[in-house]
Amino acid sequence: MRPSAIRLLNILVPVKRAVDYAVKIRVNPQQTGIDANVKHSMNPFDEIAVEEAVRLREKLSAKVKSITALTIGPAKSADTLRTALAMGADSGVHVEIPESSSSPEPLAVAKTIRAIIERKNKDAKSEEDKVDLVILGKQAIDDDLGVTGQMLAGLLGWSQATFASKVEIDTDKKEALVVREIDGGAEEIKCRLPLVVTTDLRLNEPRYASLPNIMKAKKKPVEKLTPVDLGLDYTPQLETLRVAEPPKRVGGGKVATVDELLAKLKDAGFEAVKA
Amino acid sequence: MGRYHGRSTTVLKPRSTHEVSQILKWCNQRRIGVVPQGGNTGLVGGSVPVNNEIILSLANLNNVRSFDPVSGILVADAGCILQSLTDYVAPHNHIMPVDLGAKGRHSHSCQIGGNVATNAGGLRLLRYGSLHGTVLGLEVVLPDGTILDQLTTLRKDNTGYDLKQLFIGAEGTLGVITAVSILTPPAPQASNNVVLALPSFDNVLPLYQTVKRQLSEILSAFEFIDRTAYDLAVKHGQGRALTEEDVEGAECFVLIETSGGRREHDEEKLNDLLESLLTAEKPLVNTGVLAQSPSQFSSLWALREGVTEAVSKEGKPYKYDISIPLSTFQSVVDGTREHLRSKGLLHDKAVKYVIGYGHVGDGNLHLNIIADSYLPEIEAALEPYIYEVVASHRGSISAEHGIGAMKTHALHYSKSPVAIELMKKIKHVLDPNGIMNPGKVLE
């Protein structure tokens, strides 16, 4: 029997520039959104996604042919892309939107990712060049919508493995074994490639970008596109009426005696359990 | 640290400078010893009574008296907690010139009066200088109850002896600091950090020179961690570790922090520096990592700040906080380890690790000897050995922790008989009955 050609993997990792999780969020005075003039960094779940792609390459070596990072956002999102490149992605795609526009909704993001995949696959010279794995965060910590991965799998008609805490890929069989975080435990599923994986916190611990890799990242290619280039319209389907801070927590009080505490509990409607 | 236990029966918590004055007057007349106490976070037992002295807690003197957002001058009661002062000046875009580590319990409980009384150093000293420079004025109650009001807010005042300097670092042996006037610097608009892995300690000094020259005014910290200290910090979960590949062959690590007014400017400078370091013909560094986000920034700091906590988790630490010439950092650490080995004390049941870390920029080395348990043999092997080594380099046996009760017997290793005699005379003039923090600083 002739040995079959080695199946090669092309991984796409969408990443989002989000307000850093260490920053205290403040609502703007007009109550239309949050104060965006604060430190941003890569959405932590996306960082895990990049790390997983890089680890897959370390494990499968030459079988991972390419890792492409994709971001949608204003000019500053280029920094986020550079971080992904410094962590180990080979090239980047930046779908640029004006600084003033709000970030696109999940469906628009999913459509963008699909458009990028279709573009790449159309240009592919052979099966080996086609994107067969998308790894992305299960949610972004700014809007917490958590649906992009699922929508993408639906649009593409691909397998989906969400909330992954472990990913193993068998490139020859074109199969993946994924452990998912579910209520009360873990679920192990086997799926066929092509596949959309969304990452959960326990999947891995992302590495720091090392200096030599930061230097190399500066020379890696980044393609710039606009939504129009992809035939997409980012007009929102949702309207934000008002953004408000949660009500301020009222501090507790001190009581002098147990009787006083009991009286207060009774006032609040609590009653002793009848034996 | 559980090494000092007081035996006092009385704690007084005055609410005003006047009350402090009344208490001292009363105690002075009756010759009752008084131990001023702030957050009680000191490392050398300076705030712990040695006999049955009265403890004078400054905790209820905790109001900010004034803050001028133009000059940045803050006047606050001695009992104000450092962290709450940091929070107070933050909305005005200022920071406290002293920072004892963001993670540690210190900044959340230590008080500004205690910081000044012990002349605390910390992580920002390289940038903002010592409290001898940033403190502009003090209000001090003298042992006889007299209030010495020097709470001025002047940057310049050349009128006679600068008396406040006597009380900065006197560890409460000359009087009780009740209020502080301090110059707070404007908050940096951008900060960044990087951890570099070095093949040899010999590269630290040339690296420091290069970094100072290239980063110039934005350099705000240059910290050193030896390999053992780094490994311990990682072992005890202090901050995310670098990859195996990055730490391979590294003998020590350097953490560099920049703080400046404009992100793009700082990043450009830092990138130029890193590029020149990596592409040099004979590179001083193996590799390194650059924080990509505020969370990575704190994670990298945790590797350095977390050493203290890791040390306490690992065993019983003997902590030496010494000032010595930079070039001798490594040889002092290695020398101490060899000395303990020659005494047969370097094994699992005695001394487990000898580590060095600290503030390169300030010439301040933290030499920690981590033992399985506190043993008299270990102490005998360490002292006076370490003090003699320090004295041979004309160093200081206490760079930033003070003398307290722990090191009074060793003061002569850093101060000449003439100096000690003069200190005793000053002490006698101000506190003839010897009621202020007896047994501390001077024997």
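Assorted remarks:
- Of the candidates B:LEU274, B:LEU303, B:LEU284, the single residue that is within 8 Å of another protein chain (Cβ to nearest Cβ) and either assigned to a helix (DSSP H, G or I) or not aromatic (Phe, Trp, Tyr) (or both) is B:LEU274.
- Put simply, of B:ALA229, B:ALA241 the only residue that is under 22 Å from B:VAL354 (Cβ atoms), within 14 Å of another protein chain (Cβ to nearest Cβ) and not acidic (Asp, Glu) is B:ALA241.
- Residue check for A:VAL64: over 17 Å from A:ASP142 (Cβ atoms), in contact with a strand residue (DSSP E or B) (Cβ under 6 Å, 6 or more places away or on another chain) and either within 13 Å of another protein chain (Cβ to nearest Cβ) or at pLDDT 95 or above (or both): no
- The range A:202-221 residues that are in contact (Cβ under 8 Å) with a residue 40 or more places away in the chain and facing chain B (nearest Cβ under 7 Å), paired with ones that are of a type in the set (Asp, Glu) and crowded, with 19+ Cβ neighbours inside 10 Å (beta carbon under 9 Å, 6 or more apart): A:GLU205/A:GLU51; A:ARG207/A:GLU51; A:ARG207/B:ASP246; A:SER210/B:ASP246
- Among the residues here, B:VAL289 qualifies as within 12 Å of chain A (Cβ to nearest Cβ) and outside any helix (DSSP H, G or I).
- Where B:ALA197 falls short, out of the listed (1) crowded, with 17+ Cβ neighbours inside 10 Å; (2) within 12 Å of chain A (Cβ to nearest Cβ); (3) at pLDDT below 90: (3)
- Within the range A:79-99, the residues that satisfy the criterion of being more than 17 Å from A:HIS40 (Cβ to Cβ), away from chain B (no Cβ under 13 Å) and assigned to a loop (DSSP other than H, G, I, E, B) are A:ALA89, A:ASP90.
- Single residue of B:LEU242, B:LEU232, B:LEU278 found to be closer than 22 Å to B:TYR208 by Cα and in contact (Cβ under 8 Å) with a residue 24 or more places away in the chain: B:LEU242
- When the range A:205-225 is filtered for residues that are more than 14 Å from A:ALA86 (Cβ to Cβ) and modelled with pLDDT under 95, only A:GLU205 remains.
- Of the set (1) assigned to a loop (DSSP other than H, G, I, E, B); (2) more than 30 Å from B:ALA302 (Cα to Cα), all apply to B:MET96 but (2).
- Here A:LYS63 meets the list (1) surrounded by fewer than 24 Cβ atoms within 10 Å (Cβ to Cβ); (2) within 15 Å of the chain's Cα centre (by Cα); (3) over 17 Å from A:PRO227 (Cα atoms) almost entirely, failing just condition (2).
- If you go through the range A:36-60 and keep only what is among the acidic types (Asp, Glu) and either more than 14 Å from chain B (Cβ to nearest Cβ) or touching a strand residue (DSSP E or B) at 6+ places or on another chain (Cβ under 6 Å) (or both), you end up with A:ASP46, A:GLU52.
- The set of residues in the range B:240-249 being surrounded by fewer than 23 Cβ atoms within 10 Å (Cβ to Cβ) and either farther than 23 Å from A:ASN213 by Cβ or not charged (D, E, K, R) (or both) consists of B:ALA241, B:THR243, B:VAL247, B:GLY249.
The values are calculated or read from the model by the stated rules, or taken from the named source; none is laboratory data. Computed from a prediction, not measured in an experiment: that's the story for all the values here. In this analysis, Cβ positions are derived from the backbone assuming ideal geometry, glycine residues included, and neighbour counts consider all displayed protein chains.
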